[in-house]
Amino acid sequence: MSDYSAVDKIKLKHAFSQSSLSYDRVAHLQREVGGELITMMADLALQGLVIDLGCGTGFLSAEFLATRSKSQLIALDIALPMLKQAQLKLQAVSSVQYLCADIENIPFQPQSIEHCMSNLAMQWCRLPQPVFTDIYRILKPEGYFMFSTFGPSTLQELKAAWAQVDAFSHVNDFYKHTELLAMLTAAGFVEVRMQRRVYAVTYESVMQLMHELKQLGAHNILAGRQRSLTTKTALKKMLSAYATDEGAKIMATFEVLFFSAKR
């Protein structure tokens with residue numbers, strides 16, 4: 001099983017706070033994945049009070065409310081600057097409340113929320129099992145929990161390239177779908193369904209990929225990683241080791257897991 005206990009939440013909050021202004025300019029994959037999640041929700045009657053866990057700049061919240069105007073929504077994020085961007089994006093919508101809080105410490109009463117959704121945020125939880133249990137706690141009976149998260153093949157090319165340089169953690173690890181399915185079931189959820197999709201994204205260079213990850217706030221935020229700065233020699237070796245297609249462009253894999261679970 002992957003070890004997420006090393007995720008440093010202070011660094012996480014800082015990284016996403018710093019990226020709040022640049023996030024929307026580079027979050028193409030996040031929007032595409034969010035669109036897929038919205039499509040998965042289309043046949044579900046998700047009315048009432050809904051919470052968007054790790055809402056970021058509010059893309060998923062906006063798309064959700066565009067077709068469900070009668071719903072009340074709580075946009076929750078650990079980074080206040082992200083919430084402020086979401087508030088700007090949704091300023092014309094009066095049915096949204098904003099809450100700066102950690103997904104791993106959700107401040108709601110039992111059975112107080114109709115449905116929960118989350119787009120590419122669960123992978124930043126240190127321990128998903130208690131998070132799933134807590135989400136089950138706050139959901140009302142028959143409530144749905146819909147979310148997307150990265151799978152273990154994500155950034156496999158970058159991970160393999162760094163492995164040729166040293167033994168330090170340069171790329172985050174992600175849980176397998178079987179691990180997450182088991183956790184959801186253990187939390188009490190039923191009718192658990194999963195879909196997997198692999199996105200192959202092309203970049204002009206490895207440096208462009210790494211720069212984009214930084215702008216997204218998704219660069220390596222693991223505690224216990226290499227403390228010293230990466231040397232130019234190490235970086236050059238990694239760049240040389242990165243597998244490339246024909247020409248100068250490079251490809252990066254993003255494995256996304258989509259889950260639907262019912263309380």
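We did not get these values from a lab; they are worked out from the coordinates using the rules stated. Note that the structure is predicted; figures quoted are calculated from it, not measured. In this analysis, Cβ positions are derived from the backbone assuming ideal geometry, glycine residues included, and neighbour counts consider all displayed protein chains.
Side notes on the structure shown:
- Karplus-derived 3J(HN,Hα) values for the range 231-239, using 6.51 cos²θ - 1.76 cosθ + 1.60 with θ = phi - 60°, are 6, 4, 5, 5, 5, 5, 5, 5, 4 Hz; glycine and proline are entered as x.
- Degrees between helix 28-41 axis and first principal axis of the chain (Cα, 0 to 90, nearest 10): 30 degrees
- For the range 1-82, convex hull volume per residue from C-alpha positions, Å³: 132 Å³
- Extension gain, E204 to R31: 0.36 nm times the residue separation minus the Cα-Cα distance gives 60.2 nm.
- Note: relative contact order over the chain, using C-alpha pairs below 8 Å and six or more positions apart, is 25 percent.
- Residue-averaged 222 nm ellipticity for the chain, from DSSP H runs of 4+ at -39500 (n - 2.57), nearest 500: -11000 deg cm²/dmol
- Order by protection proxy (mean Cβ within 10 Å, highest first), peptides 97-104, 255-262, 49-56: 49-56, 255-262, 97-104
- Nearest 10 degrees, 0 to 90: helix 177-187 Cα axis against the chain principal axis: 30 degrees
- If both residues of a DSSP beta bridge must be in the chain, then about 55% of such bridges are antiparallel.
- Evaluated at q = 0.13 Å⁻¹, a Debye calculation over the C-alpha positions of the chain (equal weights, vacuum) places log10 I(q)/I(0) at -0.84.
- Among 111-124, 174-187, sorting by the average number of other beta carbon atoms lying within 10 angstrom of each residue, highest first, gives 111-124, 174-187.
- Here K70 is the anchor, and the lysines within straight C-alpha reach of less than 27 Å, apart from those fewer than 8 places off in the same chain, are K84, K89, K140, K262.
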